[in-house]
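S.K.: The structure follows.
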Amino acid sequence: MGLYFASDEPDDNFIRLNATNGPRCLLTYEIKIERLCARARMVEAQDLFDKIVNEYRVKPTSFMYSNLIRGYASTGNMDKCFKLYNQTKKRGLKVTNHFYTSLFHACANYTGDKDVALENATNLLGILRHNGAELHPITYKSAAKAFGVLGDIETAFQLADECPSDGRYDAYMLSSLLIACNSHKDAGFQLAIGAWRMMRKKTMINLTTYQYNLLLRSLATGAGDEDSFKELIQRKIANEVKQLNTPSGLEETKPPLLMSLNINTDSKGLIKESLTESESNELNASEDNSASVVLAPNTCELSDSSAAKQEALFQTIPDILHPKKKIPAEIKITDLKSSAHRLMLIGGVRGVLARMDTHKCKPDIKTFFYLLRALSLEEKNEQELLTVMKEYHVAPDVPFYNYILIRMSHRNHHSQMWSLFQEIKNLHMQPDLQTYTLLSSTCTTRTKCLQLLIDMKNQNVQPNLLILKSLLIRATSTHFDHLTIILEEMDKSSVLPDEEFLSIIKSKFRKSKQILVKQEQDVDSKAGQPIDSERMREYHQTYELWLKKVEESVRSSAQ
């Protein structure tokens, strides 16, 4: 039974309840729905709402709809939020700023196609502007966050400009702008520094760990054009709007806050993917030590290996995060291409943590994860960071250790990866699929492959296709026992191969068959070690039986 809409059925069909008195008054129902939504118990809240409307025949109120939309927004159910919003308007109920705040919040939390969420947010903002709606500062901040998350930096900064001055400059708005900055892969770091200085220049915001974490996250993005970055940190940001020397037509569309940062945020600079997808590129960039100069007075060069020189230099550099300080002209920036260099510019690990201490912001595991992600690949950096974590009483978690495993993998320190894996288990932590996926890249022998699968079984972790494919890639065509273990595990775990897996295993099978034929014909018998023909035949039998089962499974699933 569907909901009754005002246009479908007259209001007289609803029961008129007392507003505040009695066990079945409107206030009672409103409070029940509000409490369920506040606890994210949306199934119960929706069932109660449907019962109130369809069974009790009570006309829903704007307050009920507002709470339902807020609850669904927190779970990222954007489609349901807009459906309820349309129902509210169709019933002729009053729509307040609470609705708009929740709708933008739903767009920000949407886990589906970001383009769809951006379209919904853009359409909603267009309607509000067309209708001349007077928005609350909280709604502006929610909208700025949504457009920031969805990668529309210009609109996010424009909303910050439109926000009433009494609610514009606070930690929430700074967070929204930093989220927007982090969506710009080429100049996110420069945008973040500029937004940080600008917002704090207007008022001394009470910073939290969350804002610092967002700033540290921007280290994974680029520093933009070198000249514009120099201009940013070598001057005090003016209160007035700075006009840009940009192509015609762009000056009027770029909002004042963004204009003063002198960044071109055309569509080429925006990224739709999450930042985690670009972390491997950033890690590779940090390996490139060809640029020896990061930041130096005059012509003094600074290398990553000279920690003492780095520390001495940064003691002479003013705090670029301070809104009223500028970098002297004699400080020359020559390279900010790696995240390690960008971290050094804001003071390095110790400098960032010291600034957090001054604002009474306690670093958490995310803080140290972003710091780890920004450090160059030297092993000593990891050890020093772990020491600092102990000083701040922050314990590493499995994702943190997984990222260290990634760094070890880039250094080809496979034995150290297994040692760290053992340490994780000794700390009574539960390794996850990513842990085992990373370890699978080290399993070049039958023994290591078997050890990994046994460990996974002991931890009740089921191997997936990605792990088994990684094991297969590292098994040579003549490691017959190794290949047999992988195929048997595929069969035991009911993991179906994809086209890539089939291509790899068929290629290895053809090579092994060629080797067998050559050996039987005594061709080039002096080259290499003799192949165990019996084991090879056993492997071939296992392979053919496995392939037959796979083909049968594919046919049955297609029917």
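S.K.: When segment 183-203 is examined, which residues are found to be out of contact with any strand residue (DSSP E or B) (no Cβ under 8 Å at 6 or more places or on another chain) and open to solvent by less than 10 Å² (accessible area, probe 1.4 Å)?
M.R.: If the condition is that a residue be out of contact with any strand residue (DSSP E or B) (no Cβ under 8 Å at 6 or more places or on another chain) and open to solvent by less than 10 Å² (accessible area, probe 1.4 Å), then 187, 188, 189, 190, 192, 193, 194, 195, 196, 197, 199 are the ones that fit.
S.K.: For segment 393-447, name all the residues that are under 26 Å from the mean Cα position of the chain (by Cα) and among the aromatic types (Phe, Trp, Tyr).
M.R.: Scanning segment 393-447 gives 400, 401, 403, 421, 436.
S.K.: Okay, moving on. What are the residues in segment 178-198 that are touching a Leu at 6+ places or on another chain (Cβ under 8 Å), of a type in the set (A, V, I, L, M, F, W, C) and touching a residue at least 40 places away in the same chain (Cβ under 8 Å), if any?
M.R.: Passing the criteria: 178, 181, 189, 191, 193, 195, 196, 198.
S.K.: Within segment 56-79, identify whether any single residue is small (Gly, Ala, Ser) and more than 20 Å from residue 146 (Cα to Cα), and answer yes or no.
M.R.: Yes, some residue in segment 56-79 is small (Gly, Ala, Ser) and more than 20 Å from residue 146 (Cα to Cα).
S.K.: Restricting segment 396-424 to residues that are charged (D, E, K, R) and in contact (Cβ under 8 Å) with a residue 24 or more places away in the chain, which is surrounded by the most Cβ atoms within 10 Å (Cβ to Cβ)?
M.R.: Here the residue is 407.
S.K.: Follow-up. Of the numbered conditions (1) touching a Ser or Thr at 6+ places or on another chain (Cβ under 8 Å); (2) aliphatic (A, V, I, L, M); (3) surrounded by 14 or more Cβ atoms within 10 Å (Cβ to Cβ), residue 103 satisfies every one except a single condition; which is it?
M.R.: (1)
S.K.: For residues in segment 365-383 being of a type in the set (Asp, Glu) and farther than 22 Å from residue 215 by Cβ, which is surrounded by the fewest Cβ atoms within 10 Å (Cβ to Cβ)?
M.R.: 379
S.K.: Can you tell me which condition residue 53 does not meet? The list is (1) part of a helix (DSSP H, G or I); (2) open to solvent by less than 10 Å² (accessible area, probe 1.4 Å); (3) touching a helix residue (DSSP H, G or I) at 6+ places or on another chain (Cβ under 7 Å), and all the others hold.
M.R.: Failed condition: (3).
S.K.: Looking at segment 430-483 only, could you name the residues that are open to solvent by 40 Å² or more (accessible area, probe 1.4 Å) and either of a type in the set (D, E, K, R) or touching a Cys at 6+ places or on another chain (Cβ under 7 Å) (or both)?
M.R.: 432, 446, 448, 457, 474, 481
S.K.: Now for a different question. Of these, 134, 119, which one is open to solvent by 50 Å² or more (accessible area, probe 1.4 Å) and either of a type in the set (A, V, I, L, M) or in a helix (DSSP H, G or I) (or both)?
M.R.: Of the residues listed, the single one that is open to solvent by 50 Å² or more (accessible area, probe 1.4 Å) and either of a type in the set (A, V, I, L, M) or in a helix (DSSP H, G or I) (or both) is 119.
The values are calculated or read from the model by the stated rules, or taken from the named source; none is laboratory data. Note that the structure is predicted; figures quoted are calculated from it, not measured. Neighbour counts are summed over all protein chains in view; Cβ atoms, including those assigned to glycine, are modelled from backbone coordinates with ideal geometry. Keep in mind that these areas ignore ligands, DNA and RNA; they rest on the heavy atoms of the full protein, side chains included. Shrake-Rupley method; radii C 1.70, N 1.55, O 1.52, S 1.80 Å.
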